[in-house]
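For reference, the structure is listed below as structure tokens.
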Amino acid sequence: MAVLYGSTRGNGEKITASMAILKGLAEDGGLFVPDCIPALDVPLKELLGKSYQEIAYQVMSRLLTDFTEEELKNCINKAYDSKFDTPEIAPLVKKGNSYYLELFHGSTIAFKDMALSILPHLLTTAAKKNGVTNEIVILTATSGDTGKAAMAGFADVPGTRIIVFYPKDGVSPVQEKQMLTQKGENTSVVGIYGNFDDAQTGVKNIFNDKEMKEKLTGAGFQFSSANSINIGRLVPQIAYYVYAYLKLMESGEIQEDEQINVVVPTGNFGNILAAYYAKEMGIPIARFICASNENKVLYDFFQTGCYDRNRDFHLTNSPSMDILISSNLERLIYKIAGNDTEKNRTLMEQLSKEGKYEITEEMKEKLQEFYGNYADEEETAKTIQQVYEETGYVLDTHTAVGKAVYEKYKKETQDDKKTVIASTASPFKFTRSVMTAIDKKYEGMEDFQLVDELAELAKIPVPQAIEEIRTAKVRHNRTAQVSQMAETVMEILGI
Ligand SMILES: *Cc1c(COP(=O)(O)O)cnc(C)c1O
């Protein structure tokens, strides 16, 4: 059965998966959504023991239906290979009584690698399938992790260029150095004087700028996106929730069809939406526990039904979640509005004009499976320290937000279903925050000394991604005002 993709704000026009991946964002400013989410029509029992790559194929082939089996398997095999430092790709580890799905074993040690190691292959395959001859320019806004993962994926990929915008003062030192040392003639990094929301809105505005689009086409370029607004990022992310469920079955932790919960440290709402899609495909997930840091716009939304971004933006120690406009929530809003593009568009227009919108009671009712809460900076640090002391396991700051929220959830609901916590980054990416949470004595140490101390403490080797930046040369130094983003793109492209 062919799955087609339409815009959450559109007039019902449908395109293939490969075209949706190429376009990234729909022309009306909406996001592409599949017209149906097919069930994984194989009994889960039959998938037990299968490799990550095989599970990824099972999931992706249901949704990216205009890719041939050969094309998809080719993309999957090129993506999930020795770039990951474990053959399991996404190991599920049990520490204390929590299950952590470690999504940080790829080349940039954050969960973004799960999708961004395959997106370049999907995109170049899609270009070939659709006879695209323009050079594809990937425009990306990053809260710290997407930028590096996307550049690592697209570096020197023929026919592509990638431009990344990041908040100059809103990422961790390791995140910044990872980006600024990126190799590849086709990569550009721009630090902006603004926050992630400014970067993301700026990128979306460039996408919707018709005049700019014409100039670009004239010069032989076309834009696409590596943000989770691109459906080509969301679909590969569904696979690891299926995989995690199978791992729980395999190890006898759950029975077949037993319901589980998932906890997802959330920013742009991409990762948790992938979990929601996994449920639609048949994985028995009872609750989606949405964990926020002090930028708790989603917590308030789940409490009240009102999404309101008019508030102070906090820079936290979990910078990849410092977001007030969670783009992918639009896909859920569209869904709970009964796939009504008109209703959804009205709400999104309110968000863009007034910075807020309110959903109806009827829509709110459809959000019962979601639970939102948040952890402040102190609770997050305390969680890192406690988990380390109790189990010897070191959480990064984002995963710690997830764990802290999970504990609140359990206390509040007494729900003891088995629960998978998405572990979204390696602690090595946020070494300073992690180490000082464990012990104040680390405060005076310099960054790479902390790295070595962490390796010793956690009894794990320093990841390759960190070794690489120890001595790497800084290759990028471009900065721009938010108002100059479009200009900067033209300058980089030489138009
Ligand atoms: C991007 C990111 C998140 C947030 O994921 P979303 O899909 O944007 O909700 C959480 N943690 C880390 C480490 C990230 O890089």
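Please treat every number below as a calculation from the coordinates, not as lab data. None of the values given here were measured: they were computed from a predicted structure. Glycine gets a Cβ as well: all are built from the backbone with ideal geometry, and neighbour counts include every protein chain shown.
The charge dipole of the chain, taken about the Cα centre with unit charges on the Cβ atoms of Lys, Arg (+1) and Asp, Glu (-1), comes to about 640 debye, rounded to the nearest 20.
Peptides 54-67, 101-114 ordered by packing proxy, namely the average of other Cβ atoms within 10 Å per residue, highest first: 101-114, 54-67.
Which lysines, if any, have their Cα less than 27 Å from the Cα of residue 14, not counting same-chain residues under 8 positions apart? Output for residue 14: 23, 73, 128, 129, 204, 210, 213, 215, 279, 335, 343, 366. Using R0 = 60 Å, the C-beta based FRET efficiency linking residue 253 and residue 134 works out to 0.75.
The Cα-based radius of gyration of region 455-495, divided by its Kirkwood radius, gives an Rg/Rh of 1.31. For residue 429, the aspartates and glutamates whose Cα comes closer than 15 Å to its Cα, not counting residues fewer than 8 places off in the same chain, are 102, 113, 145, 176, 396, 446, 447, 452, 453, 467, 468. Expressed to the nearest 5 percent, the antiparallel share of DSSP beta bridges inside the chain is 25 percent. In the chain, helical runs assigned H by DSSP with n ≥ 4 each contribute -39500 (n - 2.57); averaged across all residues and rounded to the nearest 500, the mean residue ellipticity at 222 nm is -13500 deg cm²/dmol. For the chain, the calculated P(r) over all alpha carbon pairs, in 10 Å bins from 0 to the bin holding the longest distance, is 4, 21, 33, 29, 12, 2, 0 percent.
Applying a DSSP loop filter and a limit of 14 other Cβ atoms within 10 Å to the GluC sites (Glu not before Pro) in region 341-424 leaves 369.
The 3J(HN,Hα) values that the Karplus relation (6.51, -1.76, 1.60; θ = phi - 60°) gives for region 421-437 are, in residue order, 9, 6, 9, 8, 8, 6, x, 5, 7, 10, 3, 4, 4, 5, 5, 6, 5 Hz. Gly and Pro appear as x.
Rounded to the nearest Hz, the phi-derived 3J(HN,Hα) couplings of region 215-229 under the Karplus curve 6.51 cos²θ - 1.76 cosθ + 1.60 (θ = phi - 60°) are 4, 5, 4, x, 8, x, 10, 9, 7, 9, 10, 10, 7, 6, 5, where x marks glycine and proline. Distance between the C-alpha centers of region 98-153 and region 322-338? Whole Å please. Region 98-153 and region 322-338 have Cα centres separated by 21 Å. Here the Karplus curve 6.51 cos²θ - 1.76 cosθ + 1.60, taken at θ = phi - 60°, turns the phi angles of region 313-323 into couplings of 8, 9, 7, 10, 7, 10, x, 5, 10, 7, 9 Hz, with x standing for Gly and Pro.
Placing unit charges on the Cβ atoms only, positive for Lys and Arg and negative for Asp and Glu, gives region 117-176 a dipole magnitude near 240 debye about its Cα centre. Applying both filters, DSSP loop and at most 16 other Cβ atoms within 10 Å, to the GluC sites (Glu not before Pro) of region 195-267 gives 253, 256, 258. Take the Cα of residue 208, step 7 Å toward its Cβ, do the same at residue 97, and the gap between the two points is 4.8 nm.
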